[in-house]
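Q: This is the structure, below, for whatever I ask next.
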Amino acid sequence: MKKKIFFFTLLILFLILLPARDEDVWSLYFKKISSIVSIVEDNYFSEIDHEKLAFASIKGLLQTLDPHSHFLEPTNLSRMREEYKGKFYGLGIQIQKQEDRLVVISPIEGTPAYKLGIQAGDIISHINGESTKPMTSLDAVQELRGPKGTKVNITIIREGLEKPLELTVVRGEVPLHSVPYAFILQDGIGYIFIRNFAETTATEFREKMKSLTQQGMNKLILDLRINSGGPLVQAIEVSDELLPKGTLIVSVKGRRKDYDSQFRALRNNQYENLPLVILINRGSASASEILAGAIKDNDRGLIVGESSWGKGLVQTVFPLKSNTAVALTTGKYLTPSGRSIQRDYTHLEAMFYLVGEDVPEEEREVRYTSGGRKVLGQGGISPDYEIKVSLSRFTSSLMFRGVFFSYAKKFIEHKTPLSKKYIFVGKDEEPADIQEGKVVVNKDFVIDSDVLEDFKDHLRRSKIKFDPEKFAPAEDEIRRELRREIFSFLWGIQAGRKFYVKTDPVVLKAIEVLPEASELIE
């Protein structure tokens, strides 16, 4: 029976990949596979797992095509559907692996974890009796998610409690907000961050735009950094909110003519005249590049940041039996100027590890925007103003260890020597609680030299060795990370994000060039 499933899966796959007229090729392939399977089955030293063999065969076949055609096993297919639908079933916590500890960054309001009182800083030591030390964050997510109404047992270690907490949590619906942050930065400048594209993105975007407009927004900075994409239709719908009716957003061209299509803006009287700057970096891919490309090629706004990933190929998902599927590249998309932004994928390490130089200009096709500006293909979307930002290796190492988060938690709980002199408004404390010598911490709070020394003491108490000579050059980065975490604990994650954005060099450059973006729509 398993052998039949194996051949049936491969049969469906080849029917997808090969045109019906190539019957001789198909027959040859199938005979070769049958022969190889028979040899393996008759001679391999142990029992054969036919499903595993079939999955590996399909993966190997697809890897010869391009980096984006891939096989979706049941777990991966389920996760993709959850991300596209914008919801899943689980506990409702944001988690992060900090060295060998699985740490709760924040419970999501209204979810099962929130209702049970799971707190930021809690360590999940076991899931269903299995230690989380060897698990990756992705492994843990897969263990915590599951069908609605099912149960998962977790062990929580919380500072201040003598014994671990044993909790049984009933999985419930958890929304995956693809537009998690939106606020007014200053002087009518709105900021919106789109984390990824899902079925709910356009709806979430409209809601955020309406709210910010009511708050007086008259200019917009749209952050698409580290946005790996999602459904094409959602990128088109968001683009439609920002472009005049009839404007070309993107076109698709495939080997088969029935895949060829053009997508244009269908509506007017939305936000077509709102000055706009879009932020991108090397982590911006696929649907986010479609949106950025539509804005740039139509001279609708400016792009600030780094060149994007360069994913200009379109995948179609073909369902197979046994809850599996194949995501197959069926065409390439072209930006409104007619350029393909697909980056060369012959050197996969450069694509997937975000390293390597941009494609030389002389090797890229030249096109022109609606206003006559030169744009280039074969290398992602290039920014109008390039600003590269990266944390130093020293700061990154501290972040990996989770020390900014752990210090901020201890600080606002008055568990560091310095923090005992502060009153934290917003964390169950009020100005009325002020005692002589106490200082109220509000949103004007700054990370001064005293806080940095207190942080160094925390590193020493945590037995984290550091080189003082490396600490000094990284002080500005460390101040930003500490303030973000402290603000997040006191006033919520969005408040921490808002502070961080206000000091982000890429955002500061976007604010600087907004007057130029305004001129594009005059």
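Q: Do the sum for the chain: with -39,500 (n - 2.57) for every DSSP H run of n ≥ 4, divided by all residues, what is the mean residue ellipticity at 222 nm, to the nearest 500 deg cm²/dmol?
A: Value at 222 nm, helices only: -11500 deg cm²/dmol.
Q: Something else about it: Express in nm, to one decimal, how much length is gained between K465 and R256 on full extension, taking 0.36 nm for each residue of separation and deducting their alpha carbon distance.
A: 69.3 nm
Q: Could you tell me which of G402, P417, F487 has its Cα farthest along the dipole of region 393-503 towards the positive end, charges placed at Cβ (Lys, Arg +1; Asp, Glu -1), taken about the Cα centre?
A: G402
Q: Further, regarding this structure: Which entries in K219/K374; K409/K465; K52/K253; K97/K465; K133/K388 show an alpha-carbon gap greater than 27 Å? Walk me through the intermediate numbers first.
A: Values: K219/K374 25 Å; K409/K465 20 Å; K52/K253 35 Å; K97/K465 20 Å; K133/K388 35 Å.
Over 27 Å Cα-Cα: K52/K253; K133/K388.
Q: Let me check against my output: what whole-number percent is the relative contact order of the chain, with C-alpha pairs under 8 Å and at least 6 apart?
A: 11
Q: Using a simple spin-label model with points 7 Å from Cα along the Cα→Cβ vector, what separation in nm is obtained for E362 and E166?
A: Rounded to a tenth, the inter-label distance reads 7.1 nm.
Q: Calculate, in nm to one decimal, what Q494 and E516 gain on full extension: separation in residues at 0.36 nm each, minus their alpha carbon distance.
A: Result: 5.1 nm gained on full extension.
Q: Given N153, G90, G117, which one lies farthest toward the positive end of the charge dipole of region 87-175, if we put +1 on the Cβ of every Lys and Arg and -1 on the Cβ of every Asp and Glu?
A: About the Cα centre, the residue reaching furthest to the positive side is G90.
Q: Okay, moving on. Report, in debye and to the nearest 20, how large the dipole of region 87-175 comes out about its Cα centre when Lys and Arg carry +1 and Asp and Glu carry -1 on their Cβ.
A: The calculated dipole for region 87-175 is roughly 300 debye.
Q: What dipole magnitude, in Debye to the nearest 20, does the chain give about its Cα centre under +1 on Lys/Arg Cβ and -1 on Asp/Glu Cβ?
A: The dipole of the chain has a size of about 1040 debye.
Q: Right, something else. Starting from 0.36 nm per residue, how many nanometres of slack lie between S46 and I226 once their C-alpha separation is accounted for?
A: 60.4 nm
Q: If each of R101 and Q214 carries a label point 7 Å out from its Cα toward its Cβ, how far apart are those two points in nm?
A: About 4.1 nm, to one decimal.
Q: Then there is this: Compute the distance from the alpha-carbon center of region 462-510 to that of region 225-304, in whole Å.
A: Taking the Cα centre of region 225-304 as reference, the centre of region 462-510 is 32 Å away.
Q: So what is the diffusion coefficient of the chain in µm² per second by Stokes-Einstein at 25 °C and 0.890 mPa s, using a Kirkwood Rh over Cα pairs?
A: This corresponds to a translational diffusion coefficient of 94 µm²/s.
Q: Also: How charged is the neighbourhood of I278? Take every other residue with its Cβ under 14 Å from the Cβ of I278, and add Lys/Arg as +1 and Asp/Glu as -1.
A: It works out to a net charge of -4.
Q: Something else about it: Could you rank the peptides 464-475, 65-76, 279-290 by their average count of other C-beta atoms within 10 Å per residue, with the highest value first?
A: The packing order, highest mean first, is 279-290, 65-76, 464-475.
Q: What list of ³J(HN,Hα) couplings, whole Hz, do you get for region 506-522 from phi and the Karplus terms 6.51, -1.76, 1.60, once you set θ to phi - 60° and write x for glycine and proline?
A: 5, 5, 4, 5, 4, 4, 4, 9, 4, x, 5, 5, 5, 5, 5, 9, 7
Q: Could I ask something else about it? Let's see if you can work this out: charge +1 on each Lys and Arg Cβ, -1 on each Asp and Glu Cβ, no other charges. What is the dipole magnitude of region 116-222 about its Cα centre, in debye to the nearest 20?
A: In debye, rounded to 20, region 116-222 gives about 280.
Readers should treat all values here as calculations from the given coordinates under stated rules, not as data from a laboratory. Bear in mind that the values here come from a model prediction, so they are computed numbers and not experimental data. Please note: Cβ atoms are built from the backbone with ideal geometry, for glycine as well, and neighbour counts cover all protein chains shown.
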